[in-house]
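Derivation of every value follows stated rules applied to the coordinates shown; laboratory data play no part. Here the structure is a predicted model, which is why all the values come from computation and not from measurement. Neighbour counts run over all protein chains shown; Cβ positions are idealised from the backbone, glycine included.
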Amino acid sequence: MLIDLASSLIAYVAITLAFGEAASAGNLAIGVVAALSPDCDYAIYACVRNKFAVISHRFVHYPLAWLTGALAFGYLSGDWYRASLAAAGFAIHFVHDSYGWVGIQWLWPFMPKAYISFGRGGRGFQIMTPETRRSILHYRYGHELRQGFWDVFWGRLRDEFTNLGFTVEIYLILSFTVVCVFFLLYPPAS
Ligand SMILES: [Zn+2]
């Protein structure tokens, strides 16, 4: 989540410079919301987890659908600047997730059972079956089945904010600095 946030700030500045636009808090929000929104599937997980066991990065983690949506918006509206902000946010989220534990359905709806991971912990690029993925999920998140909704929610947030690591902290500070400097150099049109 924090890495998605930092990456979306950098992407916002790069895309806005490329399109020659002035800074705007609204457009910045498009990129940030796009980078964070695929994780809204947490709400679905919270509702169904007692019935279907551990579920993570599913239901709305369909990169082709989100990217096609952003491209369709650009095509229909002609607003390729905002379409690019949204597409970059989505791409950042899904590429980052692909380095996580459980892989992403990059080829959904064409190959819904292929969970693609770009590699973490030396596992390298791999395509997981739903069965392999399920066993990894149980290993990683199985304890959540015995916890209530808020314990799971705060536990996930705590995971996110503790043990960030020096590199991530520097990346966060750098990305916020880049955005602040950009807003100073190219202030919003009044
Ligand atoms: Zn995600």
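Taking the longest Cα principal axis of the chain as reference, the axis of helix 2-19 is set at about 30 degrees.
Summary of packing: across the peptides 97-109, 67-79, 151-163, 10-22, the per-residue average of other C-beta atoms within 10 Å ranks them, highest first, as 97-109, 10-22, 67-79, 151-163. Computed from the Cβ-Cβ distance with R0 of 35 Å, the FRET efficiency linking HIS143 to LEU174 stands at 0.55. Which parts of the range 9-40 would a label at LEU185 reach, counting a residue when its backbone N lies under 15 Å from a point 7 Å out along Cα-to-Cβ? Backbone N within reach: 10-24.
Computed over every Cα-Cα pair of the chain and binned at 10 Å starting from 0, the pair-distance distribution P(r) comes out as 9, 31, 34, 20, 6, 0 percent. Basic side chains Lys and Arg get +1 at the Cβ, acidic Asp and Glu get -1 at the Cβ, and with that the dipole of the range 2-185 about its Cα centre reaches some 660 debye. Computing FRET efficiency as 1/(1 + (r/R0)^6) for TRP150 and LEU76, where r is the C-beta to C-beta distance and R0 is 45 Å, gives about 0.65.
Look at the Cα gyration tensor of the range 98-190: its axes a ≥ b ≥ c give a/c of at least 1.5 with a/b over b/c, and that counts as prolate. Taking other C-beta atoms within 10 Å as the exposure proxy, THR167, THR132 rank THR167, THR132 from fewest upward. Taking the alpha-carbon centroid of each part, what is the distance from the range 16-34 to the range 107-169 in angstrom? With the range 16-34 and the range 107-169 each reduced to a Cα centre, they are spaced 30 Å.
Exposure proxy ranking for LEU137, LEU164, based on other Cβ atoms within 10 angstrom of each Cβ and starting from the fewest, stands as LEU164, LEU137.
Axis of helix 25-36 versus longest Cα principal axis of the chain: the two differ by about 20°, to the nearest ten degrees. Using helices alone, what [θ] at 222 nm do you get for the chain, with -39,500 (n - 2.57) per DSSP H run of 4 or more residues, divided over all residues and rounded to the nearest 500? Value at 222 nm, helices only, nearest 500: -20500 deg cm²/dmol. Relative to the longest principal Cα axis of the chain, at what angle does helix 166-185 sit, 0 to 90 degrees, rounded to 10? Long axis of 166-185 versus the principal axis of the chain: about 30 degrees. Taking every alpha-carbon pair under 8 Å whose residues sit at least 6 apart, the range 2-185 reaches a relative contact order of 26 percent.
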